[in-house]
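For reference, the structure is listed below as structure tokens.
The values are calculated or read from the model by the stated rules, or taken from the named source; none is laboratory data. Keep in mind that what you see is a predicted model, and the values were worked out from it rather than measured. Cβ placement follows ideal geometry from the backbone for every residue including glycine, while neighbour counts extend to all protein chains displayed. These area figures cover heavy atoms from the full protein model, side chains too; ligands, DNA and RNA do not enter into them. Shrake-Rupley method; radii C 1.70, N 1.55, O 1.52, S 1.80 Å.
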Amino acid sequence: MLYEFAPMEGFTDSVYRRTHARFFPGDAAPDRFYTPFISPTHEHLITPRQLREILPEHNRGFALVPQLLSNSAEDFLWMCGELAGMGYREVNLNLGCPAGTVVAKSKGAGFLRDPAALDRFLDTVYAQTPVKVSIKTRLGLSDPEEFGPLLEIFNRYPVSELIIHPRVQKDIYRNEVRLPIFERALRESKAPVCYNGSLYTAAACRTFVHTHPAICGLMLGRGLIANPALLRQIRGGAPLEKATLRAFLDTLLAEYTVLFGSPQSAIRRMKGIWSYTLCLFAGHEKLERMLRRANDPWDYKTAVDCIFTQLKFLPDAVDVK
Ligand SMILES: Cc1cc2nc3c(=O)[nH]c(=O)nc-3n(C[C@H](O)[C@H](O)[C@H](O)COP(=O)(O)O)c2cc1C
């Protein structure tokens, strides 16, 4: 069973990946990370920010699959060539991003609106790609039944892995996942299928693997941000320790302060992580406001000290919103 760390824009950048690999190695490490989506440019130039994400020297010590967001086979293939030159052997195509601006450009989940164009794109890509191409997809735009015809298209190509987030674009990340459609796809997909969506605890992950033995893997996002030792727990190891979580978060803050050149920006990034991690602390509601209002390093440290010293730590209580 593969355990994959989901790509999350604003969370799982190269700083996060390196720091996670340092504090959660071995049985706590994902089998692979994915970069948050990278949009290949029409000009065929890689920006410094994109380079920071993908250069192998920024990603040592863990397996990484770059994720691309594009509806242009030419731009996608150009980037595949660049990535192959850096030593990557696989890229992932994003067919799931639900953001309005992305969907409006017929990219991400928006590409699912035009199956004929998607088919032409995949035909060109799979004929010419120098690397394996996996796909991360939703079920469709508004009706999960859209997935039947989409799967027929995917089944025509050597998709190295089909990661299914069984929601439609209109669900964003809310609403129940649509398990019956996922299960049908699992039966009918020619590609190995990885499940992604709303699994937050070790118990829930183990049950899912047990009840869906045909999946090749689980991809975890918000649950892993909330509890960065979740994979170790799933694999039967020790739960997250409070001291390790504190050291991990303090190191991230220090790294982001250097990267952004601004403590305020680093604190903003940390608050994003805390929006998931806070649920590991019983009664966190009373300190949430204090953390939200902290905008300078002193106030931030005071709020974090209060969370760690005053609240009961419950590494299994993941209730991600
Ligand atoms: C803040 C945020 C950023 C995300 N960024 C990406 C992204 O760059 N690429 C992608 O394919 N999915 C992205 N996702 C979706 C996640 O990879 C994942 O599919 C989603 O969170 C559901 O999995 P989970 O329930 O385990 O969190 C993002 C989700 C969130 C909440």
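Count of region 76-100 residues, restricted to those that are closer than 19 Å to P166 by Cβ, open to solvent by 10 Å² or more (accessible area, probe 1.4 Å) and assigned to a strand (DSSP E or B), is 1. Applying the condition of being among the small types (G, A, S) and assigned to a loop (DSSP other than H, G, I, E, B) to region 212-242 and asking which residue is farthest from the ligand (Cβ to nearest atom) yields A238. Residue pairs whose Cβ atoms lie under 6 Å apart, separated by 6 or more positions or on different chains, with the first residue in region 295-314 and of a type in the set (F, W, Y) and the second not in a strand (DSSP E or B), are Y300/I267; Y300/A294; F308/R246; F313/K242.
Just to be sure before I move on: is A247 over 19 Å from the mean Cα position of the chain (by Cα), at pLDDT below 95, away from the ligand (no atom under 16 Å from the Cβ) and over 30 Å from E161 (Cα atoms) in the structure I sent?
Working: over 19 Å from the mean Cα position of the chain (by Cα): yes; at pLDDT below 95: no; away from the ligand (no atom under 16 Å from the Cβ): yes; over 30 Å from E161 (Cα atoms): yes.
So A247 does not fit the description; no.
Can you confirm whether T251 is touching a Pro at 6+ places or on another chain (Cβ under 8 Å) and polar (S, T, N, Q)? Considered against the rule, which asks whether it is touching a Pro at 6+ places or on another chain (Cβ under 8 Å) and polar (S, T, N, Q), T251 comes out as no. Looking only at region 1-32, count every residue that is more than 24 Å from I135 (Cα to Cα), open to solvent by less than 50 Å² (accessible area, probe 1.4 Å) and either within 14 Å of the ligand (Cβ to nearest atom) or not in a loop (DSSP other than H, G, I, E, B) (or both) and tell me the total. The number of residues fulfilling the criteria is 6. Going residue by residue through region 129-152, is there one that turns out to be open to solvent by 40 Å² or more (accessible area, probe 1.4 Å) and under 20 Å from L68 (Cβ atoms)? Checking region 129-152: at least one residue is open to solvent by 40 Å² or more (accessible area, probe 1.4 Å) and under 20 Å from L68 (Cβ atoms). If you go through region 37-46 and keep only what is part of a loop (DSSP other than H, G, I, E, B) and either surrounded by 12 or more Cβ atoms within 10 Å (Cβ to Cβ) or in contact (Cβ under 8 Å) with a residue 12 or more places away in the chain (or both), you end up with F37, S39, P40, T41, H42, H44, I46.
How about region 162-200: which of its residues are assigned to a loop (DSSP other than H, G, I, E, B) and in contact with a helix residue (DSSP H, G or I) (Cβ under 7 Å, 6 or more places away or on another chain)?
P166, R178, S189, A191, L199, Y200
Please go through region 291-310 and give me each residue that is among the hydrophobic types (A, V, I, L, M, F, W, C) and open to solvent by 70 Å² or more (accessible area, probe 1.4 Å), ordered by number. Walk me through it before giving the result.
Initial filter on region 291-310 (among the hydrophobic types (A, V, I, L, M, F, W, C)): 291, 294, 298, 303-304, 306-308.
The one that is among the hydrophobic types (A, V, I, L, M, F, W, C) and open to solvent by 70 Å² or more (accessible area, probe 1.4 Å): W298.
Going by what's in this entry, would L245 be described as open to solvent by 30 Å² or more (accessible area, probe 1.4 Å), within 19 Å of A21 (Cα to Cα) and either aromatic (F, W, Y) or in a helix (DSSP H, G or I) (or both)? So L245 fails the test.
Can you tell me which residues in region 104-122 are more than 20 Å from S134 (Cα to Cα) and in a helix (DSSP H, G or I)?
Narrowing region 104-122 to residues more than 20 Å from S134 (Cα to Cα): 104-105.
Scanning region 104-122 gives a single hit, A104.
Quick one: count up the residues across region 113-136 that are of a type in the set (A, V, I, L, M) and within 13 Å of the ligand (Cβ to nearest atom). Walk me through it before giving the result.
So the first thing to find is which residues in region 113-136 are of a type in the set (A, V, I, L, M), and the list is 116-118, 122, 125, 127, 131, 133, 135.
Remaining after also requiring within 13 Å of the ligand (Cβ to nearest atom): 135.
Residues that pass the stated criteria total 1.
Residues in region 84-97 that are away from the ligand (no atom under 16 Å from the Cβ) and either in contact with an Asp or Glu (Cβ under 9 Å, 6 or more places away or on another chain) or touching a residue at least 24 places away in the same chain (Cβ under 8 Å) (or both): A84, M86, G87, Y88, R89. If you go through region 199-211 and pick out every residue that is in contact (Cβ under 8 Å) with a residue 24 or more places away in the chain, within 11 Å of the ligand (Cβ to nearest atom) and not aromatic (F, W, Y), you end up with 2.
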